[in-house]
1. Given the criterion of a type in the set (Ser, Thr, Tyr), modelled with pLDDT of 95 or more and under 16 Å from residue 107 (Cα atoms), identify the matching residue among 15, 21.
2. Among the residues of the stretch 58-71, is any over 18 Å from residue 7 (Cα atoms) and among the acidic types (Asp, Glu)?
3. Kindly list, by first and then second residue, each pair from a residue in the stretch 17-40 that is at negative phi and surrounded by fewer than 17 Cβ atoms within 10 Å (Cβ to Cβ) to a residue that is basic (Lys, Arg) and in a helix (DSSP H, G or I), limited to pairs with Cβ atoms under 6 Å and residues at least 6 apart or on different chains.
4. Report every pair of residues separated by at least 6 positions or lying on different chains whose Cβ atoms are under 9 Å apart, first residue within the stretch 69-92 and of a type in the set (Phe, Trp, Tyr), second part of a helix (DSSP H, G or I) and modelled with pLDDT under 95.
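The values are calculated or read from the model by the stated rules, or taken from the named source; none is laboratory data. As the structure is a computational prediction, the values presented were derived from the model and not from experiment. Please note: Cβ atoms are built from the backbone with ideal geometry, for glycine as well, and neighbour counts cover all protein chains shown.
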Amino acid sequence: MAYTSFEELEVWKESCRLSVSVHELFLDSKHFAMRDQILRSAISVPSNIAEGAERGSAKDFIRFLHYAKGSCAELRTQIYLSTRMGLILPEDATPLTNQATMISKKLHSLITSLS
């Protein structure tokens, strides 16, 4: 897989967009614990992709892609919980969950291609 910078990776771009969407949705939430946790996991996805890409080895990159994939699963769980707790509406949650699932699949494909 050839790229010169993590900014060229579509999965990084998509995870950045997801992070911004989550931030916008939870910005005014008064449920501080959930807001802080969901924002951390959303930010963690593109951050781990970027950090792994800059590590300089395929092994490190793969490890950080696994971290990003784990953060995606954490984010989907927090979206689910936020919906069940009445913090967000199902119609707001569904696109976020779908986007996170798609990112997780792309991460899996990238991991497979690098292995």
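1. Only one candidate qualifies: 15.
2. Within the stretch 58-71, not a single residue is over 18 Å from residue 7 (Cα atoms) and among the acidic types (Asp, Glu).
3. Between residues of the stretch 17-40 that are at negative phi and surrounded by fewer than 17 Cβ atoms within 10 Å (Cβ to Cβ) and residues that are basic (Lys, Arg) and in a helix (DSSP H, G or I), the close pairs are 29/35.
4. none
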